[in-house]
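Remarks on the structure that follows.
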Amino acid sequence: MAEPAAAGVSSLPREVREQLAELELELSEGDITQKGYEKKRAKLLAPYVPQTQGVDPALQKESRTQMPVPSATPTSASSSSSSSKFHRARSGGARDERYRSDIHTEAVQAALAKHKEQKMALPMPTKRRSTFVQSPADACTPPDTSSASEDEGSLRRQAALSAALHQSLQNAESWINRSIQGSSTSSSASSTLSHGEGKGTSGSLADVFANTRIENFSVPPDVTATTSSSSARPAAIDLPPSGIVKGMHKGSNRSSLMDTADGVPVSSRVSTKIQQLLNTLKRPKRPPLKEFFVDDFEEIVEVPQPDPNQPKPEGRQMTPVKGEPLGVVCNWPPALEAALQRWGTTQAKCPCLTALDVTGKPVYTLTYGKLWSRSLKLAYTLLNKLGTKNEPVLKPGDRVALVYPNNDPVMFMVAFYGCLLAEVIPVPIEVPLTRKDAGGQQIGFLLGSCGIALALTTEVCLKGLPKTQNGEIVQFKGWPRLKWVVTDSKYLSKSPKDWQPNISAAGTEPAYIEYKTSKEGSVMGVTVSRIAMLSHCQALSQACNYSEGETIVNVLDFKKDAGLWHGILTNVMNKLHTVSVPYSVMKTCPLSWVQRVHAHKAKVALVKCRDLHWAMMAHRDQRDVSLSSLRMLIVTDGANPWSVSSCDAFLSLFQSHGLKPEAICPCATSPEAMTIAIRRPGVPGAPLPGRAILSMNGLSFGVIRVNTEDKNSALTVQDVGHVMPGGMMCIVKPDGPPQLCKTDEIGEICVSSRAGGMMYYGLAGVTKNTFEVIPVNSAGSPVGDVPFVRSGLLGFVGPGSLVFVVGKMDGLLTVSGRRHNADDIVATGLAVESIKTVYRGRIAVFSVSVFYDERIVVVAEQRPDASEEDSFQWMSRVLQAIDSIHQVGVYCLALVPANTLPKTPLGGIHISQTKQHFLEGSLHPCNILMCPHTCVTNLPKPRQKQPGVGPASVMVGNLVAGKRIAQASGRDLGQIEDNDLVKKHQFLTEVLQWRAQATPDHPLFLLLNAKGTTVCTATCLQLHKKAERIASVLCDKGHLNAGDNVVLLYPPGIELITAFYGCLYAGCIPVTVRPPHAQSLAATLPTVRMIVEVSKAACILTTQTLMRLLKSREAAAAVDVKTWPTIIDTDDLPRKRLSQIYKPPTSEMLAYLDFSVSTTGMLTGVKMSHAAVSGLCRAIKLQCELYSSRQIAICLDPYCGLGFVLWCLCSVYSGHQSILIPPMELESNLFLWLSTVSQYKIRDTFCSYSVMELCTKGLGNQVEMLKARGINLSCVRTCVVVAEERPRVSLTHSFSKLFKDIGLSPRAVSTTFGSRVNVAICLQGTSGPDPTTVYVDLKSLRHDRVRLVERGAPQSLLLSESGKILPGVKVVIVNPETKGPLGDSHLGEIWVNSPHTASGYYTIYDNETLQADHFNTRLSFGDAAQTLWARTGYLGFVRRTELTAASGERHDALYVVGALDETLELRGLRYHPIDIETSVSRTHRSIAECAVFTWTNLLVVVVELCGCEQEALDLVPLVTNVVLEEHYLIVGVVVVVDPGVIPINSRGEKQRMHLRDSFLADQLDPIYVAYNM
C-alpha cells in the first residue's frame, strides 16, 4: 500500500480519526463523491503520510481507492488477522457483518480452490464504454487497461485474463479453425484467425468461399428505409451460382460451413465469445435430465423427481415443549398503565428514559413523574380538545399513527403512553422522507386498512416533512388523508383536577399495532392486546430477571420489536432506566453504546450483531471501557445463524474489558409471536451451551444432520435459549397443513402463550392462517385444541429443550424441492473476497418464479471504484462458491451502482422492493450474469422426429381419422366470362396499343407529390407514344436485340411505367431495380450493381440525375463505375417513330424479370412469361372487379412482386385509373395517403405494412386533426396490405380501430399473400366473405400441428386469413420433407398451381435441380392427376370455415404462418422468429424492436433500446424469462443495440440474416452483449 504501516489509524490523533470516520460515513451515505472523499482524506492524512519517493502519485491514489481504510498491518484483503479484519470491515459497512464468519470464509476459499483446477472460462459481456459511467470515481482512477471496454477490438487482454481463460480462448479458435479447414479451405484463413485479430480477413475469406459450396450465402441487403451499416461483402461476384439461387430446404446442403461459422470472418470477437460460451455449456449439467417419453402433441415439463439418496427424517414425532410457568408475583400490576400510574405518582423523581444528542452525550432524562404528567395531558388533549364536545375527533378504540424520528425516544414514549391512557390504539410507523419512500405505499395500505385519519408527531419532525408549494404536507403515495397533531408539551392542554383516565384491568382489547413487512413487500399490522402486552412484559421480566431501578442500554429501534418491548414497555413495568442510543449516533460513533454501558454501569444491553461488530472496529479508540457491570448482553438477531461469529469475536475482544462469557444472551423474536426464546443469564463458571454444526445439504432437505462429510458446507448455529415462561412451542412443516415435525426435522416454530399477537388488523383471512394454527399429527388429526401462532422462523428444538433457529420463512428459497436460506447465500457471497467489488457488503438474495420453479437472484451494490474485470471475476467466483457449498445454481447475478438499491428505514436493503424493480426492469444494473443453461433443468426432452412414417401412411391416417386433405382453390377461370379483350390480345403490348386507339384520352395514371398535387399524368395515347420513343432509343442508341435484358433505374413514378412498355415494344426484357440512395451509396449501390451483373443487363435506362450519381466519385468508392453497361437517360427523347412494335412469337416468351431480396438475405430473380402476366392481370381484374371507370390508389414500392404488378401492369390491362403515391413522400407528409383516398373517394386502395405502420404511429393521436381536415374514409371498400409474410394482425387491428372514427369500415382492411414463385396467391377482393381469424395453440404449432383454441387461451396465437385465393389458383399443404399431402390439422409448406406462376429462377447458369424442385414438382403420393406444383417456401394451413364462397361451397381459408427459411429448429421443434419477437417486445416499454436468429444452436436475441442506456441491462433477465416461460427456450446471447440497427427492407420485413452477419462480424456497435451461461 502507498501508506506505510506507520500511518495506521491507531497512531493518528483522535480528532483526525473522528474526521476520518465522518468522511467514511459521508461517502457511504452518498453525501460526498468518491473524488471529494479522496481529496479531503488526502488532505487530512497529508501531514502523517511520508511521500514515497519515485512513486507515481496516480498509482498511490489507485491503491488507496481499492481499499479506503488503511490497515494497521499491511495484510492482504482476504487476510483474517483480527486487527486488519476489524478495520477493513468498517469500509464494508452497515450490513455485511451479520454474516461474517471466518470458518465460512475459509470454506468458501477451499471450495473455490477446488474449482480452480477446472476453472470456468466465462465469456465476459461486451459493454459500450459510455453506458455505465458509474460515478466520479472513474475520473480519479487511471484508465484500467484490463477492463473489457478499453481494448474492444482485440482478444488479447493486456494483463488480467487468467491463464485458464486464455487456454479456453485458444481452444475456441482452434475449434473454429478446425471446422473451417474441415470444409476444404485454404490455410490462409486459419492463419489469420489464430492471431485473434479481425483485420484483413476478407481476402482469405474469399478463398474460403471459393472452395466451399455455401448453400445460402447471404448476399448484400435489399436497400432499406433504415439501412444501418449492413456491409457489402467483398468478392461477392465470384460466387458460385448457388450463391444467388435461393436454397429452399433447411436440410438440403447447409451443413458444411454454416453450422460452424456461418460464413462470417470467424475471428470476430463475438464468435470467439460464443465459442467460449459453447465450451462452458458443454460441461455436464448437474441433475442429469431424465429420459422419458414425450407425447408428440403436448410438451410435458419435467417435474423434478426426489433424489432417492436424499436424507429423510428418522426421529419420532415431536411433542410440544413447555417453558417454565409464569411466576405469580403479588405486586404485578393489573395493567401496564397502572404500573405507569404507580411509579409516576410514587417515584416521580426516578429516571425513566435518557436520550442522547448527535455526539452520543446524554441530553435529556425523562423521569417517571414527567412521563405520567405529560402522558395524562396528551390523553386529555386527544379525547377532549381535538373536536367539539358533541363531535370528538377521536373515540376510544380509534387507531392513531405515531410518526416520530429514531432520535427522539422521549416524545415517542409520551405519545405511546398518552394513547394507551386515552384508550386509542397507537400504530408506530417510520417518518416518511420523500414522496416515494421504498415501501411507503405499503405503509399507506396499512394506514388505510387500520382506518387511520390522525397522525401524532413532533414540531421538529413536522417541519422536516416534505411540503407542497403552499406549505401543506405532501400527499404521500398510497396514503390516506391524515390530520397531523403536534404533541410537544406547549401545545397540550392541562387536564382538569377531576379528570382521570380510565385504567381497567388488562383484557383482550387491542393495545397497540406493530407493523411488519411480509416477503412480498406488503405491510401488515400485528395487533397486540392489552393482556398480551402485559403478559409479555411479565414473561420478559421473569426471563431476564429484571429488578427495579436497573439501567438498560437500548441500541434498537424503540418503535417496534425488542426495542419497544424492553425499552418502552417492560421498562415501565419494572421501573427500569433505559438509555436509548439512536442509529444516527451509532453511525458516527460506533462505540457509543459501550461507552454508555461503562458510564451508567448498565446491567443489560440490547443490541444487534452489527452493533457488536461496529464496536469491535472502533474499540481501539477507547482502551479504558469496562463491561463488567453487564449481566445480560441481549443479542436480538441471535436467531440469525451467522450471529455466532459476531458474538464469539466480540467476546474474545471484550473479555479483557470485563465482559463475562455467560452474559451473552441471544434471543429469537418475531412480530407475530413476539419473544419466542431467550438465553437466560448464565451462572459464572458454568460451561457455555454447545453449538450445532449442521450439514447444509441436510438442511436443504429440511433434515437435521450433524455435518461430517464436507467441512466446507457446514452451518454452525448457536442456541437462543429456552422457551419463554408461560409459553409452549412446537415445530410444524413449513408448507401444507401444520403437521408436527419429527425430532430431526427443520420446520416453522410455532408458539402458544398469552403473550403473542392476536391478529393482522383488518385481514381476517391471513390472520386465521397465522394466529390460529392447530397442529396435526401425521394422520392429519389435530393435536390438542390450543391455537398456536406461526413465528415465521425456521428451526428445531435440540437437546435439553434448547431452541435453535436456522433461518426465516421470508428468506426461504425453494428450488427444485430443496430449501435454501437467503441469508446463507448472502454469507457465501460475502465470503468471496467481496471487498474489492461489493459496496459496504450490500447483497440481496431472493427468488423469482420462472418456468415452473423458483430461481435464485443475487443482487449486489458495486463499489464505485471496482473495475469491470474485478466485478466479472467476483461474479463468476460467487457462482462457483454457491454451486459448490449450497449445491444450487444462481439464475441471475446482478451488480448495481452503489447506493441505488431501495433501503429500509434503518438502511438495510428493501428486498421485496428490489425484487419488484428486478421484475419490472427498473433495477438498472451495471453488470449482469445470467445462468439459465445451468439452472433450468426441467425443460421437456427435445422432440425426436418419428422415423419411417411415409407420406402414404400419413395420408391413410388422415383419411381413417376422417380429416380432409388440406387443399383449397379460387374460382375456376374457365367458367368466368370475360370480354373479347383476352381472346383478342394475348400480350400486354397489344392491349396498350388497342387502348391508345379506342380510348386515347382515357387517363390511366396519376402521380402525386408530397403536397398531394398531381405532378404527372398519362393517358393511354401518351403512354403508348412515350413507350414508342423509348423503344426506338433502345434500338438506335443501345443497339439492343430482342431478348436483351435492360435494367430500369427510376424513382417510383410514371417514367418507370413508360420505360417498362418501351422495353416490351423493343422486344427487350425489363428488370426493375430500386435506385441507390444518394445519402447511403455505400450500402445501397452494391445491391444495384449485383442485380445488373446477375441479370447480365445489356443497358441501363434511367434519369439524368441518377445517371450522374452512378458515375459520381462517391459511387466509385463503392463499386467499379467503369464496368457499368451502356447507360441511357430517358429525360430528353428524340421524337422518332418506331418502325415496328415487337410481338413475341409465343406467350411463353419472357416478359420481364422480377428481382427481390428475401428476408433471409437471398437475392432471387424470377422469370415472368407473357402468359403469366396476362393470367395474373386477369385474375386480379376479376377478384377486385376492376374496369375503366374505377379509380384505385396505390401507395407501394413498384420494384418487385405484387407492388410492381399493381403499379405498372393492371391499369393497362383493366383500364382503371391508378393514383400513384410514392411511399417515401409520406415521410414529409403523413396525411398524404389518407387524404388522397378521401379526396378522390377511392373504393380500393393498396399499401404496404411500412405505410400502415407510419400512419398508425404517426397519426394515431391526430385523429381529431384528420376530422378537422375533412378526411373521411367511409368510401373505402377494401384497403389491402401487400405482403409476403404472416398477416400482422395487431397492426391491421390497430389501424382499423384508430381510423374507425373517420369512417373506415372494420371489414375493409385485409392482406395479400404472394411469394417468389407466385407473386399473388391470395388477395381479398371485393366480393366473397370477410377475412376470418382463428386462435391456434402455439405449442402444437411447434410440432407442426394445428390445434384451434378459444380466444384468451394460454399460449394461443391469433392468425388471420391472408385474403381470398385468386381465380385459377390451387393450393395444397405438403410435408416439406416427404412431399406428401397433409391433413387440415397439420402445418406444412404451401404449394401452388396457377396460370400465373413464374416460369423459373433466372440464374447465371440455370441450376436445373432447384428449378425443378421449386417450380415443377409433384406430390410424392396421392395425386393421380400428377399436377405440377410450385413450392412457395412458406408454412401454412387450410381450414374450412362456416362461410359460403362465391361458388356456393363452404369457403376454405388459407392461413400463412411464416417462411420456412426463417424458422428456427431448436430442441427438435420448429419456431417462428416473429412469435419469440412478439413475446420479447412485450416485456419492457423501452424495447423498440427486436429480432432473433440462431447461431450454432444458440438463440440470439437482439433488442433495440429506445430508453436510456442504463436500462440496457434490465432487459437481459426480462428477455431471458419471457422466452423461457412462453417458448421453453433458453436464450444464449442477448444483444442490446440502438434504435434503427435491425435492418428492415422496403416491405417492412426484418432482415434477420443480415443482422446475424453484422453481429458475427462485430459491426453492430452494441450497447451491451450478455452471454447467458
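Give the shape of the stretch 407-523 as rounded, prolate or oblate, defined through the alpha-carbon gyration tensor: a ≥ b ≥ c are the square roots of its eigenvalues, a/c under 1.5 means rounded, and otherwise the shape is prolate if a/b is larger than b/c and oblate if not. Verdict is oblate for the stretch 407-523.
For the peptides 1539-1551, 642-654, the ranking by mean Cβ contacts within 10 Å, running from highest to lowest, is 1539-1551, 642-654.
Heavy-atom accessible surface of the stretch 358-447, averaged per residue, reaches 39 Å², computed with a 1.4 Å probe. A Cβ-based charge dipole, computed about the Cα centre of the stretch 484-602 with Lys and Arg at +1 and Asp and Glu at -1, lands at about 260 debye. A crude spin-label estimate for the pair Asn309 and Lys1300, with each label 7 Å from Cα along the Cβ direction, gives 6.4 nm. The Lys114 and Ser922 beta-carbon pair, evaluated with R₀ = 45 Å, returns a calculated FRET efficiency of approximately 0.75. Peptides 1102-1108, 501-507 ranked from most to least packed by the mean count of surrounding Cβ atoms within 10 Å: 1102-1108, 501-507. Put simply, when 1257-1268, 1364-1375, 1469-1480 are sorted by average Cβ atoms within 10 angstrom per residue, most first, you get 1364-1375, 1469-1480, 1257-1268. Annotation: extensible slack from Lys601 through Ser778 equals 58.5 nm (criterion: 0.36 nm per residue apart, minus Cα-Cα distance).
The modelled label-to-label distance for the pair Val706/Val328, using points 7 Å beyond Cα in the direction of Cβ, is 4.3 nm.
One chain, two ends: Gln997 and Ser1112. Fully extended at 0.36 nm per residue, the span grows by 37.1 nm beyond their Cα-Cα distance.
Full-extension gain between Asp498 and Glu990, please, as 0.36 nm times their residue separation minus the C-alpha to C-alpha distance.
165.3 nm
Heavy-atom surface analysis with a 1.4 Å probe gives the stretch 1427-1562 a carbon and sulfur content of 47 percent of its accessible area. Counting only protein heavy atoms and a 1.4 Å probe, the stretch 527-608 has 20 square angstrom of accessible area per residue.
Once R0 is set to 51 Å, what does the formula 1/(1 + (r/R0)^6) return for the Cβ-Cβ distance between Val786 and Leu906, expressed as a FRET efficiency to the nearest 0.05?
The computed FRET efficiency comes out at 0.90.
Per residue, the stretch 774-847 exposes an accessible area of 31 Å² to a 1.4 Å probe, with every protein chain left in place. Shape class of the stretch 601-700 from the Cα gyration tensor (axes a ≥ b ≥ c, square roots of the eigenvalues): prolate, since a/c reaches 1.5 or more and a/b is larger than b/c. Take the Cα coordinates of the stretch 721-817, assign each an equal point scatterer, and use the Debye formula without solvent to give log10 I(q)/I(0) at q = 0.17, 0.21 Å⁻¹. Calculated log10 I(q)/I(0) at the listed q: -0.77, -1.17. Label separation (Lys385 vs Arg623): 5.5 nm, computed from points 7 Å beyond Cα along the C-beta direction. With a Förster radius of 51 Å applied to the beta-carbon distance between Thr1332 and Ala1078, the computed FRET efficiency rounds to 0.70. Take the Cα radius of gyration of the stretch 1245-1327 and divide it by 2.2 N^0.38 Å, N being the number of residues; the result is 1.13.
The values are calculated or read from the model by the stated rules, or taken from the named source; none is laboratory data. Note that the structure is predicted; figures quoted are calculated from it, not measured. Methodologically, a virtual Cβ is constructed for each residue, glycine included, from the backbone with ideal geometry; neighbour enumeration extends over all protein chains shown. Note: accessible area is taken over every heavy atom of the protein model, side chains too, but ligands, DNA and RNA are not part of it. Shrake-Rupley method; radii C 1.70, N 1.55, O 1.52, S 1.80 Å.
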